[in-house]
Amino acid sequence: GAGVSQSPSNKVTEKGKDVELRCDPISGHTALYWYRQSLGQGLEFLIYFQGNSAPDKSGLPSDRFSAERTGGSVSTLTIQRTQQEDSAVYLCASSEQTTGELFFGEGSRLTVL
Amino acid sequence: QQQVKQSPQSLIVQKGGISIINCAYENTAFDYFPWYQQFPGKGPALLIAIRPDVSEKKEGRFTISFNKSAKQFSLHIMDSQPGDSATYFCAASMLSQGGKLIFGQGTELSVKP
């Protein structure tokens, strides 16, 4: 498909375990974003990649969260030592550099028991 | 400075009525104001957007009204339909700084038949 692809769609893990969430953006999109959506809440910005520039990590809530983007395409969001408050839907989006329109994936729902 | 405040949190409208959702922002450097629509289990999708050099933009039944001096903007849905039932998010960004979107908290709209 031509849209943003995220995996896994659902992940259940135990408190203290590490998890990795994957995002495959739309081909040719230079910008990639991660957002977090908790139940009944808005979209909380986490991190933003633009081309070869240093990522904007200003939204990462703690040092347990990290993300990388390899080859300007696929991105992985890693949460170490998961806590129950990390339970949320993690949304990835990509965009062309100048349009401002973000195209979102369907998200990865993380449940920490 | 970076917040976008959205109201109401939820809204119930009769079919054929007008739905109005409001947003306010603080940062005068914002230069792009989109509205996103999200259905359950899906990622948000761009509905309509406006730049601050115009006061109104209309696309079909959806209209954005923008008041630069008041730092407010609103979404009007005319002739609301049950298929419009979804969560709506306003957002703001500085396109000159890469287009990272700051989202409001969302409004859950229910259109009753």
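Quick check on the stretch B:26-46: of everything there that is hydrophobic (A, V, I, L, M, F, W, C) and farther than 18 Å from A:CYS92 by Cβ, which residue is farthest from the other protein chains (Cβ to nearest Cβ)? The residue in question is B:ALA29. B:LYS100 meets the conditions (1) of a type in the set (Lys, Arg); (2) away from chain A (no Cβ under 14 Å); (3) surrounded by 15 or more Cβ atoms within 10 Å (Cβ to Cβ) in every case but one. The failed one is (2).
The set of residues in the stretch A:66-113 being of a type outside the set (Ser, Thr, Tyr), within 23 Å of B:GLN97 (Cα to Cα), more than 14 Å from every other protein chain (Cβ to nearest Cβ) and open to solvent by 50 Å² or more (accessible area, probe 1.4 Å) consists of A:GLU68, A:GLY71.
The criterion of at least 1 residues that are surrounded by 18 or more Cβ atoms within 10 Å (Cβ to Cβ) and hydrophobic (A, V, I, L, M, F, W, C) is met, among strands (runs of 3 or more DSSP E) falling completely within the stretch B:1-60, by B:4-7, B:10-14, B:19-25, B:33-38, B:45-50. Of A:LEU110, A:LEU91, A:LEU102, A:LEU77, all but one fail to be within 29 Å of B:LYS5 (Cα to Cα) and modelled with pLDDT under 95; the exception is A:LEU102.
Per-residue answers, yes or no, for (1) under 10 Å from the mean Cα position of the chain (by Cα); (2) more than 9 Å from chain B (Cβ to nearest Cβ); (3) surrounded by 20 or more Cβ atoms within 10 Å (Cβ to Cβ):
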| position | (1), (2), (3) |
| --- | --- |
| A:SER9 | no, yes, no |
| A:VAL12 | no, yes, no |
| A:GLY28 | no, yes, no |
| A:LEU46 | yes, yes, yes |
| A:SER53 | no, no, no |
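The values are calculated or read from the model by the stated rules, or taken from the named source; none is laboratory data. Bear in mind the structure is a predicted one, so any value in this text is a computation, not a measurement. Virtual Cβ from ideal backbone geometry, glycine too; neighbours counted across all protein chains shown. For accessibility, only protein heavy atoms count, side chains too; no ligands or nucleic acids. Shrake-Rupley method; radii C 1.70, N 1.55, O 1.52, S 1.80 Å.
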